[in-house]
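A quick write-up on the structure given underneath.
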């Protein structure tokens, strides 16, 4: 199978999650990704543990986000290494980094420097808070970005403290946005022959992520919408939208007609609420009624009624429960890869299909500098 980005060479200077998640997707789509790491320690993500699970002494996150790549070690503060690195850039299609503003200026590797060396290169840079302004030197870390962009006031109930999402949403979404920008610039280059500078900040990503609720905020008197008192899921959506406990578990309910819901569930207090305008203003009271009623039966009982009537609902699953379902199994989202040491591990695959084919590669994350000798021979031999 010929992949869309075969023959595209990506030089990736980025570390941790945001930038590497973008180069991971480019690699999955066929690009050759050379991960440039500093001597001895390499990418900080190799040793920055986020759980008590590691693989060969390295972070599981590193292995998840850097599969299907090559690793070469260069000390960019060393003049000889820097010159050899420039030889890679002269033949690259894409260069990307997520250093703080000013770092590439000191190294002589800004877009102006690199495009003079290679006019066709797509130069992508990802920052935490943009290239200018009072926050530009702050660390672009996921939790910190969630904290300052308002997103932590959208999860949970009204009286809960600010609640961050349980995944690195700012990192991964920023990587996704950066990938889109790179692909657009590569398409433009295919028509014009000219490269481009693609810039993105995690701050902008997280603001854009909230375009739905921010548009409501901008056009509704700029008043912050409080979260539901209970059963919260979305601060800007009326009842019944939320998560509810049943006799033996939990289920989620999306948008729906309250009167019809009351009829289906045989919950008489809801059948009298025909004024749709009150489904938002009185959502807490509605949710209290619904919650008390749903506690009287098991999840499967309610799902049989609701799903049979095409009501948008779902049981709530943990990872083990999810993996037991045919709906998960049929997608074949898990794959086994082999890392540089020869050890096999299970991770997720690229979610994209091309011409009906899954994009799967058995190539795991590289050992630090695993490909330096081959890359040197190829570009500096």
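Computed from the coordinates by the stated procedures, all read-outs in this text should not be read as laboratory data. Being a predicted model, the structure only gives us computed values, none of them experimental. Heads up, the Cβs are rebuilt from the backbone with ideal geometry, glycines too, and the neighbour counts pull from every protein chain shown.
What is the percent of Cα-Cα separations in the chain that go past 30 Å? Intermediate values should be presented prior to the final figure.
On the way: 36739 of 72390 pairs.
The share of Cα pairs beyond 30 Å in the chain comes to 51 percent.
Out of all Cα-Cα pairs in the range 242-323, roughly what percent, to the nearest whole number, are more than 20 Å apart?
When all Cα pairs of the range 242-323 are counted, 28 percent exceed 20 Å.
Which value in Å is the Kirkwood Rh of the range 1-130 over different Cα pairs?
Numbers: mean 1/r = 0.0655 Å⁻¹.
That comes to 15.3 Å for the range 1-130.
Once you put a point 7 Å from the Cα of residue 148 and another 7 Å from the Cα of residue 378, both along the Cβ direction, what distance in nm separates them?
Label-label distance for residue 148 and residue 378, simple model: 3.8 nm.
FRET efficiency for residue 218 and residue 307, Cβ-Cβ distance as r, R0 = 35 Å, nearest 0.05?
Values: r = 37 Å, r/R0 = 1.05.
Plugging the Cβ-Cβ distance into 1/(1 + (r/R0)^6) gives 0.40.
At what distance in angstrom do the alpha carbon centres of the range 325-381 and the range 52-80 lie from each other?
So the separation of the two Cα centres works out to 14 Å.
Just to be sure I understand: if I project the alpha-carbon convex hull of the range 175-252 onto a plane and average over all orientations, what area do I get in nm²?
8.7
Divide by every residue of the chain the summed helix terms, -39500 (n - 2.57) for each DSSP H run of at least 4, and state the resulting mean residue ellipticity at 222 nm, rounded to the nearest 500 deg cm²/dmol.
-10500 deg cm²/dmol
Only Cα pairs under 8 Å and at least 6 apart count here; give the relative contact order of the range 193-263 as a rounded whole percent.
Relative contact order here is 15 percent.
With contacts defined as alpha carbon pairs under 8 Å and 6 or more residues apart, what's the relative contact order of the chain in percent?
Relative contact order of the chain: 17 percent.
Just want to confirm a number: the relative contact order over the range 242-323, from Cα pairs under 8 angstrom separated by 6+ residues, in percent.
Values: 96 pairs, mean separation 32.3, N = 82.
In percent, rounded to a whole number, it is 39.
Residue 83 versus residue 3, label points 7 Å from Cα toward the beta carbon: distance in nm?
3.4
So if each residue of separation counts as 0.36 nm, and I subtract the Cα-Cα distance between residue 48 and residue 91, what length gain in nm does that give?
12.3 nm
Take each of the peptides 25-36, 324-335, 122-133, average the number of other beta-carbon atoms within 10 Å over its residues, and list them starting from the highest.
On the way: 25-36: 23.1, 324-335: 11.4, 122-133: 20.9.
Packing order, densest peptide first, comes out as 25-36, 122-133, 324-335.
How far, in nm, would the chain grow between residue 103 and residue 116 when pulled straight, counting 0.36 nm per residue and subtracting the alpha carbon separation?
Values: separation 13, 0.36 × 13 = 4.68 nm, distance 1.84 nm.
Separation in residues times 0.36 nm, less the Cα-Cα distance, equals 2.8 nm.
Please work out the ratio of the alpha-carbon Rg of the range 288-381 to 2.2 N^0.38 Å and round it to two decimals.
1.85
What does DSSP give for the chain in terms of the percent of beta bridges that are antiparallel, rounded to the nearest 5?
Taking every DSSP beta bridge with both residues in the chain, the antiparallel ones total about 40 percent.
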